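These notes concern the structure reproduced below.
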Amino acid sequence: MSQVFDLKSVKEVFHCSPQSGLQVLRPRVSTHGESWVYATPFLEIACTYLAKWDDLDFAQSMNGDDFYLVERYPNAFMQIFPQAKGSLYHLPIDSFESFNYMEAVSREPVYPLKETIIENSWEFINEVASQRNLHLHYYPHRPSFIPEDDSDLVAKVSKWIQEEKKTGRESALYSRFCLKHPNLVGRL
């Protein structure tokens, strides 16, 4: 694990989902290949998960106390968020362990302390951005630590495709990459 935050310094963590009304959050296999419930002590990060997206859509990063969500292609924000609704879940920290500098994970089911229903994810994200350290970057603008040529994305996708080949898993990753980033296919 990379640099982590101290869970003892927070009282709760957040999990946002397009699905409202969850009585329990159950571990699921995701990007890291482990069955976990993901959460974060940072509302700036959690709110961006009110809609389903992945690294092909946005780069997400933290630099100091600032959080960045960066469009990977034109109009990604408008394609992903405006129609989305969901919930912000406040979770107890008991079963969580720090995973990296932005996330905590639980291997056990987690029962929310509180649920806040969000009727318009894009309005909520913009409200959080206006009040906290969330910076939204519209394509092609990006902070200097996100490569202009998307070499970081090409490297990630290449690694994920190689991992899939090793395990024999087939996914739609390559097809999705080609659809969303046709200009990068030759570099992959």
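When the test is whether a residue is among the aromatic types (Phe, Trp, Tyr) and closer than 24 Å to Ser20 by Cβ, Phe145 does not pass it. Taking residues in region 69-82 that are among the aromatic types (Phe, Trp, Tyr), and partners anywhere that are surrounded by 15 or more Cβ atoms within 10 Å (Cβ to Cβ) and assigned to a loop (DSSP other than H, G, I, E, B), the pairs with Cβ atoms closer than 6 Å and at least 6 places apart or on different chains are Phe81/Ala51. Name the residues in region 30-58 that are among the small types (Gly, Ala, Ser) and surrounded by fewer than 21 Cβ atoms within 10 Å (Cβ to Cβ), would you? Passing the criteria: Ser30, Gly33, Ser35.
Is it the case that some residue within region 5-24 is surrounded by 20 or more Cβ atoms within 10 Å (Cβ to Cβ), within 22 Å of Lys114 (Cβ to Cβ) and of a type in the set (Asp, Glu)? Can you show your working first?
The initial filter retains those residues of region 5-24 that are surrounded by 20 or more Cβ atoms within 10 Å (Cβ to Cβ), namely 13-16.
Right, trim to within 22 Å of Lys114 (Cβ to Cβ) and you get 13-16.
Pick out the ones that are also of a type in the set (Asp, Glu) and you get none.
Scanning region 5-24, I find no residue that is surrounded by 20 or more Cβ atoms within 10 Å (Cβ to Cβ), within 22 Å of Lys114 (Cβ to Cβ) and of a type in the set (Asp, Glu), so the answer is no.
Of the strands (runs of 3 or more DSSP E) contained entirely in region 1-83, those carrying at least 3 residues that are within 10 Å of the chain's Cα centre (by Cα) fall at 58-63.
Can you find a residue that is within 22 Å of Arg72 (Cα to Cα) and either touching a strand residue (DSSP E or B) at 6+ places or on another chain (Cβ under 9 Å) or hydroxyl-bearing (Ser, Thr, Tyr) (or both) anywhere in region 116-123? Checked against the condition, which is being within 22 Å of Arg72 (Cα to Cα) and either touching a strand residue (DSSP E or B) at 6+ places or on another chain (Cβ under 9 Å) or hydroxyl-bearing (Ser, Thr, Tyr) (or both), region 116-123 yields at least one hit.
Leu91 fulfils the conditions (1) in a loop (DSSP other than H, G, I, E, B); (2) touching a strand residue (DSSP E or B) at 6+ places or on another chain (Cβ under 6 Å); (3) of a type in the set (A, V, I, L, M, F, W, C) except for a single criterion, (1).
Where a number appears in this text, it was derived from the coordinates with a stated rule and is not lab data. It should be emphasised that the depicted structure is a prediction, and the values quoted were computed from it without experimental measurement. Backbone-built Cβ (ideal geometry, glycine too); neighbour counts: all protein chains shown.
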